[in-house]
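Engineer: Would you mind keeping the following structure in view while I ask a few things?
The values are calculated or read from the model by the stated rules, or taken from the named source; none is laboratory data. Source: prediction; values computed, not measured. Reconstructed Cβ throughout: ideal geometry from the backbone, glycine too, with neighbour counts over all protein chains shown. Side chains included, ligands, DNA and RNA excluded: accessible areas come from the protein's heavy atoms. Shrake-Rupley method; radii C 1.70, N 1.55, O 1.52, S 1.80 Å.
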Amino acid sequence: MTTAPLASVLFVCVHNAGRSQMAAGFLRHLAGDRVEVRSAGSVPGDRVNPAAVEAMAEVGVDIADQKPKVLTTGAVQASDYVITMGCGDTCPVFPGKKYLDWALEDPAGQGVEAVRPIRDEIKALVEGLVSEIDAKRGT
């Protein structure tokens, strides 16, 4: 018997190549199938930032197979949480969704040394999100 996910989460950044991909990777890793995970970008890049892939691999989370995706209204409508990371006003707003804006440095064009502290900040934020989702369910 499969159970429905506790929540669905959409991570949005401009290029969907760094911050949102790292956040989605951590959420998949930490919550497993308890949470439905999406990520998208307002202006998606061509590929996930190699420094982000390397930084995540260092902590045992593989995002190498991910591809940047365009932000759609449908993805927002299908999500309980919409977490933005620098996309500004390009994210559509719908009633009944929980919107969070995580102010994170953009890792674009930076080496892995600069990406590591961003990765660690994202991990802490995702851990808090998982705790919030679990608490709403009462686990």
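Engineer: How high is the relative contact order of the chain, given as a whole-number percent (alpha carbon pairs under 8 Å, six or more residues apart)?
Structural biologist: Working: 255 pairs, mean separation 41.6, N = 139.
It comes to 30 percent, rounded to a whole number.
Engineer: Just to confirm the filter: which trypsin sites (Lys or Arg not before Pro) across segment 1-54 are DSSP coil and have at most 14 other Cβ within 10 angstrom of their Cβ? The partial results should precede the final answer.
Structural biologist: Details: sites: ARG19, ARG28, ARG34, ARG38, ARG47; in loops: ARG47.
Filter output for segment 1-54: ARG47.
Engineer: Continuing with the same structure: Treating cross-link reach as a plain straight distance, find the lysines whose alpha-carbon is under 23 Å from the alpha-carbon of LYS69, omitting any fewer than eight places away in the same chain.
Structural biologist: LYS97, LYS98, LYS123
Engineer: Compare the Cα positions of GLY25, PRO50, TYR81 along the charge dipole of segment 1-113 (+1 at Cβ of Lys, Arg; -1 at Cβ of Asp, Glu; about the Cα centre) and return the one farthest towards the positive end.
Structural biologist: Result: TYR81, furthest along the dipole toward the positive end.
Engineer: Keeping all protein chains in place, calculate the accessible area per residue for the chain (probe 1.4 angstrom), answer in Å². Mind dumping the intermediate values first?
Structural biologist: Working: 6900 Å² over 139 residues.
Ligands and nucleic acids excluded, the result is 50 Å² per residue.
Engineer: Next up: Can you send over the solvent-accessible area of MET22, 1.4 Å probe, protein chains only, in Å² to the nearest 10?
Structural biologist: 0
Engineer: Hey, how many Å between the Cα centroid of segment 2-65 and the Cα centroid of segment 108-139?
Structural biologist: 10
Engineer: Could you please report the charge total around LEU100, scoring K, R as +1 and D, E as -1 over all other residues with beta-carbon less than 15 angstrom from its beta-carbon? The partial results should precede the final answer.
Structural biologist: Working: positive: ARG19, ARG38, LYS97, LYS98, LYS136; negative: ASP80, ASP101, GLU121, GLU127, GLU132.
Taking every Cβ under 15 Å from that of LEU100, the sum is 0.
Engineer: Additional query: Can you show me the helix-derived [θ] at 222 nm for the chain, built from DSSP H runs with n ≥ 4 at -39,500 (n - 2.57) apiece and divided by the number of residues, rounded to the nearest 500.
Structural biologist: When only DSSP H runs of four or more count, the value is -12000 deg cm²/dmol.
Engineer: Counting only protein heavy atoms, what percent of the accessible surface of the chain is carbon or sulfur at a 1.4 Å probe? Please list the in-between numbers first.
Structural biologist: On the way: 3560 of 6900 Å².
The value for the chain is 52 percent carbon and sulfur by accessible area.
Engineer: Grab the other residues whose beta carbon is less than 11 angstrom from that of SER79, score K and R as +1, D and E as -1, and report the net.
Structural biologist: Working: positive: ARG38, LYS97, LYS98; negative: GLU36, ASP80.
Counting the neighbours of SER79, the net charge comes to +1.
Engineer: Could you calculate the contour length gain from GLN77 to LEU30, that is, 0.36 nm times the residue separation minus the distance between their Cα atoms, to one decimal place in nm?
Structural biologist: Values: separation 47, 0.36 × 47 = 16.92 nm, distance 2.37 nm.
Once the chain is fully extended between GLN77 and LEU30, it gains 14.5 nm.
Engineer: At q = 0.11, 0.18, 0.21 Å⁻¹, what log₁₀ I(q)/I(0) does a Debye calculation on the Cα points of the chain give, no solvent, two decimals?
Structural biologist: Rounded to two decimals, the profile gives -0.35, -0.97, -1.30.
Engineer: Sticking with this structure for a sec: On a straight-distance basis, which aspartates and glutamates could pair with LYS136 in a cross-link, Cα separation under 14 angstrom, same-chain partners fewer than 8 positions away excluded?
Structural biologist: ASP80
Engineer: Leaving out ligands, DNA and RNA but keeping every protein chain, what accessible area does ASP120 have, in Å² rounded to the nearest 10, with a 1.4 Å probe?
Structural biologist: Looks like 80 Å² after rounding.
Engineer: List the residues of segment 108-139 whose backbone N lies under 12 Å from a point placed 7 Å from the Cα of GLU58 along the Cα-to-Cβ direction.
Structural biologist: 111-121
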